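Colleague: I have a structure here, written as structure tokens, and I will follow up with some questions on it.
Computed from the coordinates by the stated procedures, all read-outs in this text should not be read as laboratory data. For clarity, every value in this text was computed on a predicted model and none was experimentally measured. Neighbour counts run over all protein chains shown; Cβ positions are idealised from the backbone, glycine included.
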Ligand code: SF4
């Protein structure tokens, strides 16, 4: 959408905002720099980078509140569960709304008059139109320009390719549990340093978040980044095991789409404005939401 706006295909936006969780792959930060330099700046569109912290550091900091990631849990009785997803709200929606309020001249907690609002573009394509939603606040009015012009994901890829941006990476936290096997393999096979980073993080959250441990909360299971609920460096990311398939069926129901999800990750992943309700959660007794 930024490129379409910068090139005049769509109207020119006043700003583009990137919510940085502090733990994106290096390829995403490089891509953002490139977009800024070659697409946004020449068109006079500022890219605002906003953040409410570093999700990786915060998860491992005993003095910091941990906005829970959607971790896979193995309870003491062997039953699988998931922790509540709070991270999208904390690390993406919160700083985006804060920035928008500031742009409007009404920083929190100022009351925003009814007729003051931004038009906010959300990049949902026609093949995922069911994710398009209205905003939950009156000072943001959502629009979905890709749907308006009838563009599918393939159309977007074709356009990016025409701009020399065919290698546009997917934005998400490096260690997001929503990754499918394809994404885990890609990290392992293309970026040994980042693979070591996620493997270390996976081991560090095994017994729950640092704050819960520090405050003496008893932990009742183990947490994992990979859906198979085994340590990431041993997880079957090269193939789908029977156990993984069974666990997946139990979680999501039996359909062909599930197999695709195991490989590709949770399709809707972490768009701040199009959260995927079904992956919200299940498990409260593990102390990871504190
Ligand atoms: S990418 Fe994953 S871990 Fe990061 S904020 Fe989104 S859901 Fe949470």
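Colleague: Being surrounded by 18 or more Cβ atoms within 10 Å (Cβ to Cβ) and in contact with a helix residue (DSSP H, G or I) (Cβ under 8 Å, 6 or more places away or on another chain) is the filter here, so list the residues in segment 91-109 that pass it.
Modeller: 91
One line per residue, one yes/no per condition, for (1) more than 12 Å from the ligand (Cβ to nearest atom); (2) surrounded by 14 or more Cβ atoms within 10 Å (Cβ to Cβ):
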residue: 3; (1), (2): yes, yes
residue: 8; (1), (2): yes, no
residue: 17; (1), (2): yes, yes
residue: 30; (1), (2): yes, no
residue: 35; (1), (2): yes, yes
residue: 40; (1), (2): yes, yes
residue: 45; (1), (2): yes, yes
residue: 56; (1), (2): no, yes
residue: 60; (1), (2): yes, yes
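Colleague: Next up: Within segment 155-185, which residues are part of a helix (DSSP H, G or I), free of Cβ contacts under 8 Å to residues at least 40 places away in the same chain and either within 15 Å of the ligand (Cβ to nearest atom) or touching a helix residue (DSSP H, G or I) at 6+ places or on another chain (Cβ under 9 Å) (or both)?
Modeller: Here is the first cut: in segment 155-185, the residues part of a helix (DSSP H, G or I) are 155-162, 181-185.
Now drop any that are not free of Cβ contacts under 8 Å to residues at least 40 places away in the same chain, which leaves 155-158, 161-162.
155, 156, listed by residue number.
Colleague: Here is a further query. Which of (1) within 16 Å of the ligand (Cβ to nearest atom); (2) touching a residue at least 12 places away in the same chain (Cβ under 8 Å); (3) surrounded by 15 or more Cβ atoms within 10 Å (Cβ to Cβ) is the odd one out, the single condition residue 80 does not satisfy?
Modeller: Result: residue 80 fails condition (1) only.
Colleague: Answer yes or no as to whether residue 127 is away from the ligand (no atom under 15 Å from the Cβ), assigned to a helix (DSSP H, G or I) and under 28 Å from residue 175 (Cβ atoms).
Modeller: Answer is yes for this residue.
Colleague: Looking at segment 171-216 only, could you name the residues that are surrounded by fewer than 15 Cβ atoms within 10 Å (Cβ to Cβ) and closer than 20 Å to residue 271 by Cβ?
Modeller: Matches in segment 171-216: 182 only.
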